[in-house]
Each structure stands twice: as structure tokens, then as C-alpha cells.
Amino acid sequence: MTASAVRPVAIKVDEDTKARLKRLAEARGRTSHWLMREAITQYVDREERREVFRRDTLKAWEEYRTTGLHVSAAEADAWLAELEQANDIEPPACHV
């Protein structure tokens, strides 16, 4: 990130949160500013992954509704059990 890309943003937090943030920053040897940036970055990363997962889920649901192709829970469980036993097998074939 270049210096020109960084813009200050003001946020409002209550006094209790501000004090907790200050104590945590001191304990971690970081600044409150660093902790807030880290928290925001982690939140945005997590929520972006959630959004991708949500879109993929909706896409899979629509594909199922269109084609009817699926594997049963029992088939998926059996496949996962094999993987847990270090048996690198192909996933079960989808069927109607």
C-alpha cells in the first residue's frame, strides 16, 4: 500500500472500548491505531470470504434445482470418512 492510498477515517467508540483498546495495545506492544486497522482488515477479509461462500452456495443451489444432480449425506459422509483415514479417493459421483 502506498502512502497516497492511505486516508484517515474517524470512528467513534465509547470510553470503555477505548480504554480496553488502549490496555490491549499496551499489552501487545502495539498502538491502538495498529489494533484498529488490524481488526478492520481481519473483519473485511472474513466478510469477503463469507460473501464468496454465500454466492457459491446460491450458485450450487441453483445448479441443483436446474439439474437435480446431488450426492446423499451418507455418500458424502462415507467419502469424508475415507479421507480421514488418509485414503485419497475420488468423491462420489453426482446422480439424480
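Coordinate-derived values only; no laboratory data. In this text, all values refer to a predicted model and were calculated from it rather than measured experimentally. Cβ coordinates were reconstructed from backbone atoms using ideal geometry, including for glycine residues, and neighbour counts include every protein chain displayed.
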Completion exercise
If you go through Arg54, Arg65, the only one that is part of a helix (DSSP H, G or I), of a type outside the set (A, V, I, L, M, F, W, C) and surrounded by 10 or more Cβ atoms within 10 Å (Cβ to Cβ) is Arg54
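Within region 87-96, track down each residue that is surrounded by 10 or more Cβ atoms within 10 Å (Cβ to Cβ) and assigned to a loop (DSSP other than H, G, I, E, B).
If the condition is that a residue be surrounded by 10 or more Cβ atoms within 10 Å (Cβ to Cβ) and assigned to a loop (DSSP other than H, G, I, E, B), then Ile89, Pro91, Pro92, Cys94 are the ones that fit.
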Problem - Filter result for Val13 (within 30 Å of Val96 (Cα to Cα) and either of a type in the set (Val, Ile, Thr) or not in a helix (DSSP H, G or I) (or both)) - result: no
Handout entry: Scan of region 27-44 for residues that are part of a helix (DSSP H, G or I) and over 19 Å from Ile11 (Cα atoms), ordered by number
Key = Ala27, Arg28
Exercise for the section: Please name all residue pairs, on different chains or six or more residues apart, with Cβ atoms under 6 Å, provided the first residue is in region 80-96 and is farther than 12 Å from His70 by Cα and the second residue is among the β-branched types (Val, Ile, Thr) and surrounded by 10 or more Cβ atoms within 10 Å (Cβ to Cβ). Expected result: Glu82/Ile89
Practice task
For region 69-86, state whether one or more residues are out of contact with any strand residue (DSSP E or B) (no Cβ under 7 Å at 6 or more places or on another chain), in a helix (DSSP H, G or I), hydroxyl-bearing (Ser, Thr, Tyr) and surrounded by 10 or more Cβ atoms within 10 Å (Cβ to Cβ).
Solution key: no
